[in-house]
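Have a look at the structure below before the remarks.
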Amino acid sequence: MNALSLHPSGAPQKAPESECRALVPAEGPVVVDTFGGRVHVEWNADAALTPLGQLPFFAEYLKVSGLFDTWVEQCPLSWTSPNAPLKRDVLGTAVLSALCGHQRYAHISALRGDSVNAPLLGMSKVVSEDSIRAALKKLDETAGVAWLQRHLLSVSEPLLSEPWILDVDVTVKPLYGHQEGAVIGYNPHKPGRPSHTYHTYLVANLRLVLEVEVKPGNQTHSKHSSPGLWDLLERIGRARWPALIRGDRDWGTEANMQRCEQEGLPYLFKQRLTKGTKRLIERLLSEADWCDAGQGWQGAEAQLRLSGWSRSRRVVVLRRRLKDKDNDIALEAPDESGQRRLSFTEVEENVRLYEYAVLVTSLDSEILTIAGLYRDRADCENNFDELKHHWGWGGFTTSDLKRCRFMARLTALVYNGWNLFARLAEPDKHLEAITSRPLLLNAPARQINHGRQRRLVISHQHAEADWVERACRNLAAFLRGLRLTAEQLTPTQRWYRILSRALRKYLQGRELQPPAPLPAPA
């Protein structure tokens, strides 16, 4: 009988599970065939490996300086449950997360499989993201803010006895949920999107954050920053006030300038191009002798009193010729109803077009100096770009403002500490996190235990490997010297020495002198 069938037999039957299991060994390495040849893969839950192979150098820096221990000890966080995590584990996990540049609480889970790094900070383990959220929720806002403010200021306080400049500015963090304070306000990059505002106070040119306040998205004006500014200055103490305060056009208001004048604090603010300032520019075009202001700018000065001002003030008008003068220029102009409209002007070759900036100041310096001082303020935008994209200011969002405020200050504290650590390795320039982390933190490493001795074998395979090893060896030698003299030096004196070395370029080789110890009571 012919067994030929006119119909297909259908899908082939599956092989029995026992046969499938027989194809892959239950134990031992698994052989996989790759483009580079066969690879034997095996799993080892006890292998002591870490992607943060150079964290021990940062951990020693924290230990010698005393910053981390003091910060943990003074944290006003406590639990009564015997099952609660340790305070050092919670805070250490938050520091590691910020140090790695995490943007979300969920990213903390990436640290939990690392058995090498937790003991380096004196931790028993890396806790979960839920433990971090719960701890910050439990922390009292008034006590927590005061604790973080105190330690943010203590990092930079030794430097404030030197002449320094205070930069004040606001950045916007867009939000995508229904969080507390998620209000629609000024948001140039994502108009109409709710946001939070970060009111920030920085030591100019050193990229050190003195304070940051997180407020609802519709509170971008300087009137919402001003109370925090004067509270910060009160905590700093008048003897250490800045030589100058700088701000953008939002700060050039009568209230801010009058308060600075009353307190005797020099200021340099940008002024809005109102009708009064435009009339001044038109007058200077025909009357003023424009002088060189550096980097292609020209400057002229005058006295100006706008309608809301209580007195006349010195203003410096800067102008720079536009390079792209051959294209049609789009000019905004309001029509009779007040609605702004676009008009287009054909520019002839012999017509010079300029952009203008108006600065109001209490300084009596020459125009070239004032123009340079204000141009240096652009470094604020670099700070914000780094903090929002490479640190945690772009994330760590919760439903309540309290925890957002805690994480913003905690991130700023780790940012300050890491920047000074990176300057110990490279004192001649600032290394942003996108550069300093791959060089000074990220490196695969394997821990080898020999009794009580632990060895960490680091693998560096990039062009800067020699520089990194040399820098880390120099760091370790410097910190070892401080550690050997720890009995003779107080934590404050050690921190002064660390700052003197890290910022020797800006101090021009001078040593910061710590305050004299108080005499012992009789």
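Projected onto its three principal axes, the C-alpha set of region 210-333 covers 52, 32, 31 Å, listed from the longest axis down. Quote the Stokes-Einstein diffusion coefficient, in whole µm² s⁻¹, for the chain, based on the Kirkwood radius over alpha carbon pairs, a temperature of 37 °C and a viscosity of 0.692 mPa s. This corresponds to a translational diffusion coefficient of 120 µm²/s. Place a label point 7 angstrom from the Cα of ARG240 along the Cα-to-Cβ direction, then list the residues of region 174-210 whose backbone nitrogen is under 13 Å away. Taking a point 7 Å out along Cα→Cβ of ARG240, the residues of region 174-210 whose backbone N falls under 13 Å are 203, 210.
Place a +1 charge on the Cβ of each Lys and Arg in region 168-317 and a -1 charge on the Cβ of each Asp and Glu, then give the dipole magnitude about the Cα centre in debye, rounded to the nearest 20. That gives a dipole near 260 debye. Calculated mean residue ellipticity at 222 nm for the chain: -11500 deg cm²/dmol, from DSSP H runs with n ≥ 4 weighted as -39500 (n - 2.57), summed, divided by the residue count and rounded to 500.
Apply the a/c threshold of 1.5 to the C-alpha gyration tensor of region 62-187 and tell me whether it is rounded, prolate or oblate. List each step's numbers first, then the result.
Values: a/c = 1.65, a/b = 1.14, b/c = 1.44.
Judged from the Cα gyration tensor, region 62-187 comes out oblate (a/c at least 1.5, b/c at or above a/b).
Extension gain for CYS291 to ARG279 (0.36 nm times residue separation, less C-alpha to C-alpha distance): 2.3 nm.
Can you compute the charge dipole magnitude of the chain about its Cα centre, using +1 on each Lys and Arg Cβ and -1 on each Asp and Glu Cβ, nothing else charged? Give it in debye, rounded to the nearest 20.
Numbers: 67 positive and 60 negative charges, 217 e Å.
Result for the chain is approximately 1040 debye, rounded to the nearest 20.
Shown in residue order for region 307-322 are the 3J(HN,Hα) couplings computed by the Karplus curve 6.51 cos²θ - 1.76 cosθ + 1.60 at θ = phi - 60°: 4, x, 8, 8, 7, 7, 9, 6, 10, 10, 9, 10, 9, 9, 6, 6 Hz (x for Gly and Pro).
Report the charge-dipole magnitude of region 147-198 in Debye, nearest 20, computed about the Cα centre from +1 at each Lys and Arg Cβ and -1 at each Asp and Glu Cβ. Don't jump to the answer; show the numbers that get you there.
Details: 4 positive and 5 negative charges, 71 e Å.
With only Lys, Arg, Asp and Glu charged at Cβ, the dipole is about 340 debye.
Extension gain for HIS221-ASN205 works out to 3.4 nm (0.36 nm per residue, less the C-alpha to C-alpha distance).
Out of the chymotrypsin sites (Phe, Trp or Tyr not before Pro) in region 154-251, which ones are loop residues according to DSSP with at most 12 other C-beta atoms within 10 Å? List each step's numbers first, then the result.
Numbers: sites: TRP164, TYR176, TYR186, TYR198, TYR201, TRP230, TRP251; in loops: TRP164, TYR176, TYR186.
Loop-located and lightly packed - TYR176.
Accessible surface calculations at 1.4 Å, restricted to protein heavy atoms, place the chain at 55 Å² per residue. Kindly identify region 133-267 as rounded, prolate or oblate by the Cα gyration tensor criterion: order the square roots of the eigenvalues as a ≥ b ≥ c, call it rounded if a/c is under 1.5, otherwise compare a/b with b/c, prolate if a/b is larger, else oblate. Note, shape of region 133-267 comes out oblate. Of the residues PHE421, LEU148, LEU284, the one whose Cα sits farthest toward the positive end of the charge dipole of the chain, with +1 on the Cβ of Lys and Arg and -1 on the Cβ of Asp and Glu, is LEU148.
Between TYR496, LEU353, SER222, the Cα set farthest toward the positive side of the dipole of the chain (charges on each charged residue's Cβ, about the Cα centre) is that of TYR496. FRET efficiency for the GLN258 to VAL32 pair, using the beta carbon distance and R₀ = 56 Å, is estimated at 0.15.
In whole percent, and with a 1.4 Å probe on the protein chains, what portion of the accessible area of the chain is carbon and sulfur?
Numbers: 14460 of 28680 Å².
Here it works out to 50 percent.
Would you mind classifying region 434-500 by shape? Square roots of the alpha carbon gyration tensor eigenvalues, ordered a ≥ b ≥ c; an a/c under 1.5 is rounded, otherwise it is prolate if a/b is larger than b/c and oblate if not. Oblate, since a/c reaches 1.5 and b/c is not below a/b.
Calculate, in nm to one decimal, what TYR186 and LEU363 gain on full extension: separation in residues at 0.36 nm each, minus their alpha carbon distance.
Values: separation 177, 0.36 × 177 = 63.72 nm, distance 3.07 nm.
My answer for the length gained is 60.6 nm.
If R0 is taken as 41 Å, the Cβ-Cβ distance between ALA476 and ARG321 corresponds to a FRET efficiency of 0.20.
The values are calculated or read from the model by the stated rules, or taken from the named source; none is laboratory data. The shown structure was predicted, so the numbers you read here are calculated from the model rather than taken from an experiment. Cβ: placed from backbone, ideal geometry, glycine included. Neighbour counts: every protein chain shown. The accessibility values were calculated without ligands, DNA or RNA, using every heavy atom of the protein model including side chains. Shrake-Rupley method; radii C 1.70, N 1.55, O 1.52, S 1.80 Å.
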